[in-house]
Structure formats: C-alpha cells, structure tokens
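Visitor: Dumping the structure here so I can ask a few things about it.
The values are calculated or read from the model by the stated rules, or taken from the named source; none is laboratory data. Just so it is clear, the structure is predicted and the values come from calculations on it, not from any experiment. All Cβ positions, even for glycine, are placed from backbone atoms using ideal geometry, and neighbour counts span all protein chains on display.
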Amino acid sequence: MSDKLQRFIFEKLGVRGQLLQLDDGFKEVLLKHEYPLTVRKMLGEILASAVMLSATIKFAGAVTLQIQGDGVLSLLLAQCDGKQQFRGLAKWDGEVPGDFSEAVGSGQLVITLNVEKTAENYQAVVEIKGKSLSQAIESYFDESEQLPTRLWLFVGETKVCGLLLQVMPGDDSYEEDAFSRIAELAEAIKPEDFALNSLVLLHQLFPEDDVRVLGETSVCFHCHCSRERSEQALKMMPKEEREEILAEHKVVTVNCEFCNQVYEFDREDVGDLSK
Ligand SMILES: [Zn+2]
C-alpha cells in the first residue's frame, strides 16, 4: 500500500492525529497537467490537507479545499471523498514564485463539506492568513472552529507526506498545554521519517506519551467525472450556444479539468438532451 493514511489518538490528552503518504496518487495528478515545480509543491500540500481533513469528519462525505487568490496562482483546488479518493488541480498565469503568500496574493480559503447522498453542504469562506497553506488552514481551525490543529506537509518530486494533530472535537478533557507540548515534539518530524513503520515513528516522536494507533486506510486518486455528469453540464448550456458549436464543429465536447477526459456529444446525442 503506497498511498495510505494512519490514524492515531492520544487518549489521555483528547488529541487525535494522522500520518499520510501519497505516492502513486500524487503521480497520477501530476500526469494530468504539466505543473511548474512551485505549483507542484503547493498542489501536493493542498491534496494532502484535503485527504487528512476528509478523514476527520464523522459523516460520509467529501471535503473540497480551495485557495482563490489574486496572485499569479489564482486557484488551488483539492477534493477528497469519504473513501479517501482524491483529485485536484491548479490554475496559474505566468511564473509562479515559490513563496506561498507571494504566489497566491490575497484571497480566500474556501472549505466545503458535502454530505454524501444528500444535497446538504456546509461552506466556510475565510481570508487567507499565514505564510503557508498549512498556516492558513491552522488559522481557520483556531479562529473559526476553536479546534486547535497543526499540520506538517512535505512535498518531494513525486511524493507527499503529512502529519496532522488536532484536538478532539467536543472533548473538554484536553489541556492547551498538552496540545502545545505534543505539537512542539512533532516539530522534529522529517520527510524521511515517513519511511518508518507508523508505530516506530510515533514512538520516536512522542516517547513519553500513550499513543494508540487506529486503522490504516488506503488512499487513491480518483476522478468522479462521467459521460452522465458531462451531459448534465451540457443541459445547463443555453440551447443556442450548443447549436452554434454543433454547426461549426459537428460535436460539442466537455473536458474534465481534473483528469483531462474528453466527452464528445454529436448532433444525435445533443438531440436526446432536449427531451
Ligand atoms: Zn475527470
């Protein structure tokens, strides 16, 4: 299992955590578009964040994280469903600086939760704060959710590793000092540590604490696009516009921005849509 998420908890401290590794899945995302190195790094970070946050929610559903800025890097988007299947993309125009704040400029962090099999969703839109994506997410949880959270993200050429620590929601037994102490110990983590067995790594980071390892989940890249969903998108297009494209190109195409899949609809298919 190359792409995996390991959950753990500090039972006595009311703190939970996750260790994440993305390998094959990240490679698949990188194959879809040619991303400059600087964008690759930030895309890896947002993908890992979305995967880890998706594993913190109680209901079956999907998490979408978006960074929308006025900088050269105008969009970073990552989505992960309840089965830890993720996808993501980035949009930029020009040379993207390596510094997060400089690349995205000022803008918003948008967090959306979609509850599976219902139309229910929750969305939070907050100003991007901090010098990195992890700081922006941490500040959202501290200020909007009152849920102290820390994230460590490492992006290599084709690999992403992450560590998350978060106070258990609704657990009053947690002590601020204990969380700060654990977070301080976690600062010692290095990207190469993720090659260790999770138990060994956790013991190395938190030798004095009682850490209970919970389940390990496999994580993978998956795009939810389909011909049916593309048809829905086409139905939303004004009829005149569809007709114009058909007259000129004989087919209307719908491109999936996430995976580059192209869905083609000819006159006959489009005729069916108006029914
Ligand atoms: Zn797709």
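Visitor: From the set of residues in segment 191-231 that are within 16 Å of the ligand (Cβ to nearest atom) and under 21 Å from ASP23 (Cα atoms), which is farthest from the chain's Cα centre (by Cα)? Quick ask: steps written out before the conclusion?
Guide: Pass one, segment 191-231, residues within 16 Å of the ligand (Cβ to nearest atom): 220-231.
Now narrow it down to the ones that are under 21 Å from ASP23 (Cα atoms): 220-224.
Numbers: CYS220: 12, PHE221: 11, HIS222: 13, CYS223: 13, HIS224: 15 Å.
Looking at the filtered set, the residue picked out is HIS224.
Visitor: Further question: Could you grab the pairs with beta carbons closer than 7 Å, sequence gap of 6+ or different chains, first residue in segment 220-243 and in contact (Cβ under 8 Å) with a residue 12 or more places away in the chain, second one within 12 Å of the ligand (Cβ to nearest atom) and in a helix (DSSP H, G or I)?
Guide: Sorted first by the residue in segment 220-243, then by its partner, the pairs are PHE221/GLU28; PHE221/VAL29.
Visitor: Can I ask one more? In segment 148-158, what residues are more than 18 Å from THR56 (Cα to Cα) and either part of a loop (DSSP other than H, G, I, E, B) or outside the structural domain of ALA195 (by TED's automatic domain parsing) (or both)? Write out each step before concluding.
Guide: Initial filter on segment 148-158 (more than 18 Å from THR56 (Cα to Cα)): 154-158.
Selection gives GLY156, GLU157, THR158.
Visitor: Let me ask something else about it. Which residue out of ASP3, ASP23, ASP93, ASP70 is surrounded by fewer than 18 Cβ atoms within 10 Å (Cβ to Cβ) and either touching an Asp or Glu at 6+ places or on another chain (Cβ under 6 Å) or among the basic types (Lys, Arg) (or both)?
Guide: On the way: ASP3 fails: surrounded by fewer than 18 Cβ atoms within 10 Å (Cβ to Cβ); ASP93 fails: either touching an Asp or Glu at 6+ places or on another chain (Cβ under 6 Å) or among the basic types (Lys, Arg) (or both); ASP70 fails: either touching an Asp or Glu at 6+ places or on another chain (Cβ under 6 Å) or among the basic types (Lys, Arg) (or both).
Step by step, each of ASP3, ASP23, ASP93, ASP70 is checked, and only ASP23 is surrounded by fewer than 18 Cβ atoms within 10 Å (Cβ to Cβ) and either touching an Asp or Glu at 6+ places or on another chain (Cβ under 6 Å) or among the basic types (Lys, Arg) (or both).
Visitor: For residues in segment 258-269 being surrounded by 15 or more Cβ atoms within 10 Å (Cβ to Cβ) and within 13 Å of the ligand (Cβ to nearest atom), which is nearest to LYS91 (Cα to Cα)?
Guide: Taking segment 258-269 and keeping what is surrounded by 15 or more Cβ atoms within 10 Å (Cβ to Cβ), we get 258-259, 261, 263, 265, 269.
Filter once more, keeping what is within 13 Å of the ligand (Cβ to nearest atom): 258-259, 261, 263.
Numbers: PHE258: 11, CYS259: 14, GLN261: 17, TYR263: 21 Å.
Per the stated criteria, the residue is PHE258.
Visitor: Right, here's the next one. Of all residues in segment 155-174, which are closer than 22 Å to ILE189 by Cα and over 14 Å from the mean Cα position of the chain (by Cα)? Steps first, please.
Guide: Of segment 155-174, the ones closer than 22 Å to ILE189 by Cα are 155-168.
Once the filter is applied, which keeps residues that are closer than 22 Å to ILE189 by Cα and over 14 Å from the mean Cα position of the chain (by Cα), segment 155-174 yields GLY156, GLU157, THR158, LYS159, LEU165, GLN166, VAL167, MET168.
Visitor: A follow-up question, please. Is it true that some residue in segment 234-247 is outside any helix (DSSP H, G or I) and more than 16 Å from the ligand (Cβ to nearest atom)? Write out each step before concluding.
Guide: The initial filter retains those residues of segment 234-247 that are outside any helix (DSSP H, G or I), namely 237-238.
Of the ones still in play, those that are also more than 16 Å from the ligand (Cβ to nearest atom) are 237-238.
Taking every residue of segment 234-247 in turn, at least one turns out to be outside any helix (DSSP H, G or I) and more than 16 Å from the ligand (Cβ to nearest atom).
Visitor: Moving to a separate point now. Sort out for me the strands (runs of 3 or more DSSP E) sitting completely within segment 36-147 that have 1 or more residues that are within 16 Å of the ligand (Cβ to nearest atom), within 22 Å of GLU257 (Cα to Cα) and modelled with pLDDT of 95 or more. Step through it out loud before you land on a result.
Guide: Values: elements: 61-69, 73-80, 85-92, 107-115, 121-127.
Output list reads 61-69, 73-80, 85-92.
Visitor: Separate question: Output the number of residues of segment 9-35 satisfying the condition of being outside any strand (DSSP E or B) and of a type outside the set (Lys, Arg).
Guide: Here is the first cut: in segment 9-35, the residues outside any strand (DSSP E or B) are 11-14, 23-35.
Imposing the further condition that a residue be of a type outside the set (Lys, Arg) reduces the set to 11, 13-14, 23-26, 28-31, 33-35.
Residues in segment 9-35 being outside any strand (DSSP E or B) and of a type outside the set (Lys, Arg): 14 in total.
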